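Visitor: Pasting in a structure now, in structure tokens, and then I'll have a few things to ask.
Since every read-out is calculated from the coordinates, none of them should be taken as a lab result. Since this is a predicted model, take the numbers as computed values, not measurements. Positions of Cβ are backbone-derived with ideal geometry, glycine not excepted, and every protein chain shown enters the neighbour counts.
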Amino acid sequence: MSSLSFPAWLMLALATLAGSVLFTWLSLVYASRRRMIDQPGQRRSHSVPTPRGGGTGIVLAVVAGLSACWIAGADSVDISSFIALLASIMLVALVGWIDDHGGLGALVRLLAHAASALLLGVPVMLLDGHGILANPALPWILAALLACAIAIVWSINLHNFMDGINGLLATQAIFVFSALSWLCLEAGRSAEAQRIGLLLMATLGFLPFNFPRARIFMGDVGSGVLGLLIIVSIGWQIAAVPGEPFYGLIACSAFVVDSTATLLSRMLSGRRWYSAHREHLYQWLVRSGFSHARVVGFYMAWNLLVVVPALLWVHRESAIMGASSRGHAMSLPAGSEVLFSIYAIGALVWVFGKRYCLNRCKDSRVTAS
């Protein structure tokens with residue numbers, strides 16, 4: 001697969017970074033003039049009025065960077081897949097941008113996210129033209145496409161829910177993009193590594209505006225698109241390195257565990273799970289007195305101390321299994337046990353972490369009284 005030379009990619013990556021910084025600054029100016037301000041409130045974790053919509057900078061930088069890479073001929077993605085990707089990105093961004101300006105109904109947003117997922121599936125359906133209808137595996141193909149569409153909608157909304165404090169989503173996205181890009185590079189798939197690396201640089205350009213002090217929030221325009229790009233990047237990684245299908249899910253474990261455990265907790269307690277709330281672990285940590293920077297530090301500590309060793313072990317075991325399984329029956333992919341273990345440990349951390357926060361809040365109220 002073709003790819004840019006490293007000097008050429010580095011120039012494009014730096015240009016993407018600079019474009020993200022410029023577009024984010026312009027978004028800050030625009031949001032301030034249009035009075036697109038998030039006010040502090042009971043369901044929010046900030047105490048200072050802050051402009052929103054800075055994720056527009058990420059979106060524009062990503063579109064520009066990927067377009068430049070494709071136009072340069074360094075990306076072998078076919079034209080239909082490339083157009084579908086850009087259309088999907090722009091649809092999610094447009095819905096988020098409108099929502100940042102005045103709000104949209106949940107059903108409208110969900111339908112738009114589903115449409116963006118369907119857009120990504122169109123090139124797959126067109127690969128075999130009309131012949132796909134006669135394919136005996138058509139039910140399985142449709143089931144796989146439906147599962148992918150659900151995963152895309154889930155990821156968009158998951159990352160939107162987790163974008164509630166300064167720097168958390170941006171740092172998590174940078175970590176996930178770094179892990180996926182490294183794996184692709186290790187496997188000799190430099191085109192995918194470079195493509196994901198551009199997403200990393202676009203997110204990196206936004207970070208100084210949002211962490212440690214937030215001059216502007218990402219907004220739905222940014223969080224939704226990052227959720228889309230993360231699940232798309234996992235798809236690229238799986239296609240490039242099929243022997244490690246669980247790598248991306250392990251890399252995303254911090255967010256997946258927090259959001260899933262919170263959702264299940266609200267459903268089991270009989271609360272309206274789809275309504276706005278402050279029940280995620282990261283929100284409880286802030287409510288119990290930890291600063292945004294310390295909470296981000298906790299999540300990055302999980303990534304560096306738990307996830308990184310797990311990913312390195314999975315990569316090593318995958319290489320060993322790949323070498324030993326030649327000529328033998330197919331076995332489970334490397335990482336299935338690690339994936340289960342990471343999520344089980346994460347669930348325990350969530351339970352005990354929330355209990356700790358509740359006790360800390362009770363103690364503070366007792367002291368104050």
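Visitor: Quick one: what Rg and Dmax do you get for the chain from the alpha carbons, in Å?
Guide: 20.9, 73
Visitor: OK, next. Compare ASP100, ASP78, ASP163 in a GNM of the chain, Cα atoms joined below 10 Å, and give the one with the largest fluctuation.
Guide: Checking each option, the largest mean-square fluctuation is seen for ASP78.
Visitor: I need the trypsin sites (Lys or Arg not before Pro) found in segment 236-282, filtered to DSSP loop residues with at most 12 other beta carbons within 10 Å of theirs. Let's see the in-between values first.
Guide: Working: sites: ARG266, ARG271, ARG272, ARG278; in loops: ARG271, ARG272, ARG278.
Here the trypsin sites (Lys or Arg not before Pro) that fit, given the DSSP loop and packing criteria, are ARG271, ARG272.
Visitor: Between ARG272 and CYS148, what's the calculated FRET efficiency when r is the beta-carbon distance and R0 is 35 Å? Round to 0.05.
Guide: 0.80
Visitor: I would also like to ask the following. Only helices at least 20 Å long along their axis, Cα-based, and averaging 1.6 or more on Kyte-Doolittle count here, so list those DSSP H runs from the chain. Can you show the working numbers first?
Guide: Numbers: long enough: 6-33 (40 Å, 1.36); 55-71 (24 Å, 1.97); 79-101 (33 Å, 1.64); 106-126 (31 Å, 1.89); 138-161 (34 Å, 1.71); 168-186 (27 Å, 1.63); 190-206 (24 Å, 0.94); 219-240 (31 Å, 1.55); 253-268 (22 Å, 1.02); 308-324 (24 Å, 0.71); 336-368 (48 Å, 0.42).
Span-like helices here: 55-71, 79-101, 106-126, 138-161, 168-186.
Visitor: If amide H atoms are built 1.01 Å from N in the plane of the peptide, which residues on other chains or at least 5 residues away come under 5 Å of the amide H of GLY54?
Guide: Under 5 Å from the amide H of GLY54: PHE217, MET218, GLY219.
Visitor: If you take the beta carbon distance between VAL108 and LEU264 as r and set R0 to 30 Å, what does 1/(1 + (r/R0)^6) give as a FRET efficiency, to the nearest 0.05? Write out the running numbers ahead of the final one.
Guide: Numbers: r = 26 Å, r/R0 = 0.87.
The computed FRET efficiency comes out at 0.70.
Visitor: Whole angstrom only: what separates the Cα centroid of segment 253-277 from the Cα centroid of segment 182-235?
Guide: Spelled out, the Cα-based centre of one part sits 25 Å from the other.
Visitor: Right, something else. With springs only between Cα atoms under 10 Å, which of ALA193, ALA251, ALA115 fluctuates most in a Gaussian network model of the chain?
Guide: ALA115
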